[in-house]
Amino acid sequence: MKETLYIIDTFSLVFQVFHAVPANMASPTGQPTNAIFGITRDILNIIKTHSPDYLIFAMDSSGPGTRNEIYPEYKANRSEMPEDLKPQIPHIMDVVKGFQVPVIDCPGWEADDVFATIARQAKEKGIETVIVTNDKDARQLINEAVKLYNIRKDKFMDAKAVEEDWGVRPDQVIDFQSLVGDSVDNIPGVPLVGPKKAQTLIEQFGSLEEVLANADQAKGPKLQKNLKEFADQARMSRELVTLNTDLDLEVDWEDSRLTHPDRERLRELFLEFGFRRFADEMKEDFTHKSEPQVAEERVQETVDTKPAFEKFLALLKQQDEFCVDLETTGLKPAEAEIVGWAISWQKNQGYYIPVEGPAGQKALDPAYVLEHLKPLLEDPEIQITNQNIKYDMVVLMRVGVFLQGVSIDPMVASYLLSAGERGHSLDKLSERYLQHTMIPISDLIGSGKQQKKMFEVDVEKVAEYAVEDADIAWQLSRILKEELKHEGLWDLYWDLERPLIPILAEMEFTGIKIDKAELKQQSEQLQERLTELIGEIYEIAGHEFNIASPLQLRTVLFEELNLPVFKKTKTGPSTDQSVLEKLAPLHELPAKITEHRHLSKLKSTYLDALPDLVNPETGRIHASFNQVVAATGRLSSSDPNLQNIPIRTEEGRQIRKAFIPENEDWRLLCADYSQIELRVLAHLSQDEALSQAFREGADIHTAVASDIFRVSHDDVDSDMRRTAKAVNFGVIYGQSPFGLSEAIGIPQSEAAGFIDDYFDRYSGVREFLDQILEDCAKNHFVRTICGRKRDIQGVRTGLQKQLNMPERTAINTVIQGSAADLIKQAMINLSERLKQEQHPGRLLMQIHDELVFEVPVAELVSLSHLVREEMESAMELDVPLIVDISSGSNWLEQTPLEVSQA
């Protein structure tokens with residue numbers, strides 16, 4: 001059986017799939033991927049369905065080609081490449097490279113000429129060729145060794161198919177096209193000669209030259225005239241459509257043989273693009289049938305006797321780095337008990353030490369194991385790694401172990417490498433980097449009402465699961481360490497993110513005390529107001545209805561009250577918050593609805609939910625502070641989300657009153673960076689006017705108002721300052737004139753004027769923001785002040801009046817991410833200082849730019865001094881860092897502490 005070669009007409013296929021696959025496909029970083037997906041799907045289909053021996057991509061050469069010298073208007077009608085396709089081309093080439101398929105072009109010639117030449121050479125070698133293209137010019141190449149393949153229709157075209165379609169043989173295709181022309185490529189042909197007439201003429205006379213020589217015998221005077229008048233045009237058209245089969249190309253046939261694609265590289269790419277199914281297909285060799293590969297077996301040992309533990313401990317003491325993964329009774333670390341210890345320091349090998357298990361199964365005494373492992377875990381010279389190691393650290397703190405030598409946490413490392421990625425779980429990282437699917441937890445404990453506790457599961461099953469976790473985390477730590485170094489992110493991890501892990505663990509372990517009685521009282525008060533509101537809403541509407549039903553509310557607002565429709569959804573007029581805010585000045589009902597929604601959310605989300613989150617042992621809430629969620633580098637919190645407690649309304653602010661210190665002899669101390677993002681902007685942009693205002697200690701919003709309104713500082717009123725504040729922060733977030741006008745309720749033209757005035761006055765800021773976008777358009781990523789990297793696609797080159805989402809994201813990441821770097825450094829410095837001085841003050845929460853501590857009253861002043869010093873010197877900026885400090889008996893009622901007091 002003869003060998004087969006498939007040649008792909010690259011851009012023919014690229015345009016096909018771009019228009020065939022839905023345009024809304026996007027990667028985790030937001031880049032369009034529909035063409036990349038389509039090309040990948042087609043390549044895999046060809047390989048798996050047709051099993052070619054050779055595979056080649058044929059490409060057009062860049063710049064003007066030989067045919068343009070013949071006819072300058074050749075392909076003049078071709079439209080520009082779509083904007084969403086352009087950024088996909090390099091990635092398509094990456095995929096082709098990953099398949100280890102050669103891409104061949106020839107200067108001055110098109111892909112058609114390339115595959116024409118290769119097809120001739122293949123025939124001479126006895127290889128049968130299939131050309132994957134929709135280009136009709138390629139029909140001239142069909143012979144006993146060459147056919148075409150329309151992948152969209154899954155149809156092959158041979159000589160018979162050409163005759164059935166055009167009524168001519170493949171060797172007559174050139175003459176046929178010379179007469180008909182091609183509007184797509186702007187090949188003129190002969191006017192009035194369509195496919196039917198061309199077929200008749202060629203059938204009658206045999207060739208183009210014979211048709212032109214016998215023009216007088218053609219049917220009809222007009223056709224006769226055109227054949228004579230446009231004879232040279234027909235000959236030129238023949239020159240344009242004739243493919244060059246004799247280019248100076250040397251095909252490396254061994255290099256073109258389809259052997260083994262780089263599946264690891266393809267998996268990386270497919271995961272980057274969000275093609276999970278394709279990534280899964282890369283786990284096995286899909287090119288040829290082969291013997292199944294035997295996976296390397298994991299060696300695990302269950303250490304459940306004292307002699308076995310002593311032998312294991314002797315080995316462990318020889319290690320200077322290892323992975324520790326705890327199996328526990330639950331997901332809340334501040335409440336979880338240890339069921340077993342999984343430890344690994346070598347690929348495909350690990351140990352499981354059960355300290356709790358089903359009745360009758362062997363397990364070691366928890367205190368005995370703890371006694372012997374504690375010195376190793378608290379030795380700063382021994383490095384400990386694990387996925388989400390913060391969880392294990394909090395669990396260990398509960399039993400009096402304070403882990404010291406934090407090493408690589410694959411979850412945090414992955415986050416730094418791919419900040420925009422949707423997840424950094426061990427399962428996902430195992431798939432991405434090791435092509436390994438892990439044992440699901442549901443295989444052990446089940447789900448639903450029948451779900452077991454981990455200590456109820458057979459010890460050997462837990463051992464297999466736990467050792468796999470530790471082993472995979474260990475392997476990933478080795479891989480990701482090198483990745484961090486390769487991407488220039490090692491210092492960021494080792495010096496900033498890694499030291500932050502134990503600080504966050506301590507914050508979670510400490511928690512913050514909650515006054516449940518205060519929450520109950522506020523909940524009862526809100527319920528009274530909600531009951532009143534419902535009555536008022538019914539009275540205004542004239543009848544009762546379900547306030548929570550958008551459909552019923554829509555009927556009341558737009559049909560019964562006849563209020564204007566500002567926004568529509570698929571199901572009808574919108575009743576979202578932005579619409580209600582626009583309707584509020586027109587009628588009292590929308591304002592009442594807004595108040596009802598706000599109070600209902602406060603009651604359900606905070607006042608009624610927070611008491612259930614209080615740890616019964618400590619009387620405190622132990623929120624989780626998340627290091628790997630916000631792509632900018634900011635911390636977030638969950639269970640509960642402390643950073644989302646609303647403070648713009650009095651009722652929202654009151655919730656903070658329930659957050660209290662240890663006891664009556666303690667106080668909460670709050671330290672808040674003043675306008676940190678604007679100070680970071682001043683430092684990074686080096687804008688002299690903005691920097692000078694900060695150096696002089698001016699109120700920056702008043703200073704900007706003075707500049708853009710062209711009045712003295714003393715003449716700036718509250719409205720001017722409010723506008724300047726909106727402009728200041730609008731600049732950071734890339735706000736448009738429309739957005740600013742909506743935010744502060746001024747005409748759009750006026751908002752545009754404010755923005756223009758701002759950039760006229762602070763030209764250094766404009767230049768800096770433009771530089772961010774220029775660099776991002778070139779590099780497809782941005783970096784913060786500490787080198788934090790975020791991949792961003794879709795930033796355009798050149799000055800843009802309106803920023804798109806990727807451009808706003810780029811600017812926001814640099815500024816907000818740099819501020820996040822700064823406050824993290826402050827937290828690290830503060831933690832070290834508190835320990836050095838053995839200060840009783842404790843860091844409880846980080847809320848964006850604010851740190852919240854609790855401290856005995858007697859040490860309040862000393863803590864104030866310490867906090868101010870460390871926060872204001874966390875980084876050396878060209879403008880001063882200012883921290884506002886206050887204290888009180890709860891989080892709401894805070895009294896400012898002046899510099900002299902502190």
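The values are calculated or read from the model by the stated rules, or taken from the named source; none is laboratory data. This is a predicted model, so every value here is computed, not measured. We place every Cβ from the backbone using ideal geometry, glycine too, and count neighbours over all the protein chains shown.
If you scan segment 118-134, which residues turn out to be assigned to a loop (DSSP other than H, G, I, E, B) and more than 28 Å from F18 (Cβ to Cβ)? Full working, then the answer.
At the first step, the residues of segment 118-134 found to be assigned to a loop (DSSP other than H, G, I, E, B) are 125-127, 133-134.
Result: K125, G126, I127.
Here's the yes/no breakdown for (1) under 30 Å from the mean Cα position of the chain (by Cα); (2) farther than 17 Å from M507 by Cα; (3) free of Cβ contacts under 8 Å to residues at least 60 places away in the same chain:
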| position | (1), (2), (3) |
| --- | --- |
| T571 | no, yes, yes |
| L580 | no, yes, yes |
| E588 | no, yes, yes |
| A591 | no, yes, yes |
| H598 | no, yes, yes |
| V614 | no, no, no |
| F625 | yes, no, no |
| T632 | yes, yes, no |
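Between V251, V184, the distinction of being at pLDDT below 85 and surrounded by fewer than 20 Cβ atoms within 10 Å (Cβ to Cβ) belongs to V184 only. Here segment 92-124 is the region considered, the condition is being surrounded by fewer than 20 Cβ atoms within 10 Å (Cβ to Cβ) and more than 29 Å from K2 (Cα to Cα), and the residue that is nearest to the chain's Cα centre (by Cα) is D94.
Let me confirm something: among A35, A58, which residue is modelled with pLDDT of 90 or more, of a type in the set (G, A, S) and touching a strand residue (DSSP E or B) at 6+ places or on another chain (Cβ under 8 Å)? Result of the check over A35, A58: A58.
Would you mention how many residues in segment 508-558 are small (G, A, S) and under 30 Å from M397 (Cα atoms)?
Of the residues in segment 508-558, the ones small (G, A, S) are 511, 517, 523, 535, 541-542, 548-549.
Still in the running and under 30 Å from M397 (Cα atoms): 511, 517.
Residues meeting the conditions: 2.
Within segment 847-872, residues that are in contact (Cβ under 8 Å) with a residue 40 or more places away in the chain sit with their Cβ atoms under 6 Å from residues that are aromatic (F, W, Y), at 6+ positions apart or across chains, in these pairs: D849/Y673; E854/W666; P856/W666.
Results for (1) more than 31 Å from the chain's Cα centre (by Cα); (2) at pLDDT below 85; (3) within 24 Å of V814 (Cα to Cα); (4) not hydrophobic (A, V, I, L, M, F, W, C), shown as yes or no for each residue.
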| site | (1), (2), (3), (4) |
| --- | --- |
| E696 | yes, no, no, yes |
| D715 | yes, no, no, yes |
| R721 | yes, no, no, yes |
| L740 | no, yes, yes, no |
| G745 | yes, yes, no, yes |
| D756 | yes, no, yes, yes |
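The set of residues from segment 358-411 being surrounded by fewer than 18 Cβ atoms within 10 Å (Cβ to Cβ) and of a type in the set (D, E, K, R) comprises K362, D365, E371, K374, E378, D379, E381, R398. Report yes if G30 is modelled with pLDDT under 80, at positive phi and within 33 Å of the chain's Cα centre (by Cα), otherwise no. The answer is yes for G30. Counting only strands (runs of 3 or more DSSP E) that fall entirely inside segment 331-431 and contain at least 1 residues that are within 22 Å of K306 (Cβ to Cβ) and more than 35 Å from the chain's Cα centre (by Cα), the qualifying elements are 338-346, 349-354. For segment 135-166, a tally of residues being surrounded by 16 or more Cβ atoms within 10 Å (Cβ to Cβ) and part of a loop (DSSP other than H, G, I, E, B) returns 4.
Which residue is nearest to S674 (Cα to Cα), if the candidates are limited to segment 695-719 and must be out of contact with any His (no Cβ under 9 Å at 6 or more places or on another chain) and surrounded by 14 or more Cβ atoms within 10 Å (Cβ to Cβ)? The selected residue is I700.
Among the residues making up segment 219-241, those that are assigned to a helix (DSSP H, G or I) and free of Cβ contacts under 8 Å to residues at least 12 places away in the same chain are P221, Q224, K225, E229, D232. Within segment 270-284, the set of residues being under 16 Å from I39 (Cβ atoms), out of contact with any Phe, Trp or Tyr (no Cβ under 8 Å at 6 or more places or on another chain) and in a helix (DSSP H, G or I) comprises E272, R277, E281. From the list S447, S430, S414, the lone residue that is over 22 Å from E321 (Cα atoms), hydroxyl-bearing (S, T, Y) and either free of Cβ contacts under 8 Å to residues at least 24 places away in the same chain or surrounded by 14 or more Cβ atoms within 10 Å (Cβ to Cβ) (or both) is S447.
One residue stands out in segment 433-447 among those that are more than 16 Å from L331 (Cβ to Cβ) and outside any loop (DSSP other than H, G, I, E, B): the one that is farthest from the chain's Cα centre (by Cα), namely D443.
Just to be sure I understand the filter: pairs with C-beta atoms under 8 Å, separated by 6 or more residues or on different chains, first member in segment 17-38 and assigned by TED's automatic domain parsing to the domain that holds D154, second member part of a strand (DSSP E or B) and at pLDDT 80 or above. Which pairs pass? Partner pairs satisfying both residue conditions: A23/P32; M25/P32; A26/P32; T29/D791.
Can you name the residue in segment 167-206 that is assigned to a helix (DSSP H, G or I) and acidic (D, E) and is also nearest to A234 (Cα to Cα) among such residues? My answer is D175.
Condition check ((1) under 30 Å from H424 (Cβ atoms); (2) among the β-branched types (V, I, T); (3) crowded, with 19+ Cβ neighbours inside 10 Å) across all residues:
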position	(1), (2), (3)
L586	no, no, no
L589	no, no, yes
T594	no, yes, no
Y606	yes, no, yes
P611	no, no, no
N615	yes, no, no
L635	yes, no, yes
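Of the listed requirements (1) touching a residue at least 40 places away in the same chain (Cβ under 8 Å); (2) crowded, with 18+ Cβ neighbours inside 10 Å, Q802 misses just one: (2). Selection of segment 845-858 for residues being more than 30 Å from the chain's Cα centre (by Cα) and either buried (at least 23 other Cβ atoms within 10 Å of the Cβ) or part of a strand (DSSP E or B) (or both) yields V852, F853, E854, V855, P856. Taking helices (runs of 4 or more DSSP H) as the structural unit, those lying wholly within segment 592-708 and holding at least 1 residues that are within 30 Å of R790 (Cα to Cα) correspond to 676-685, 688-695.
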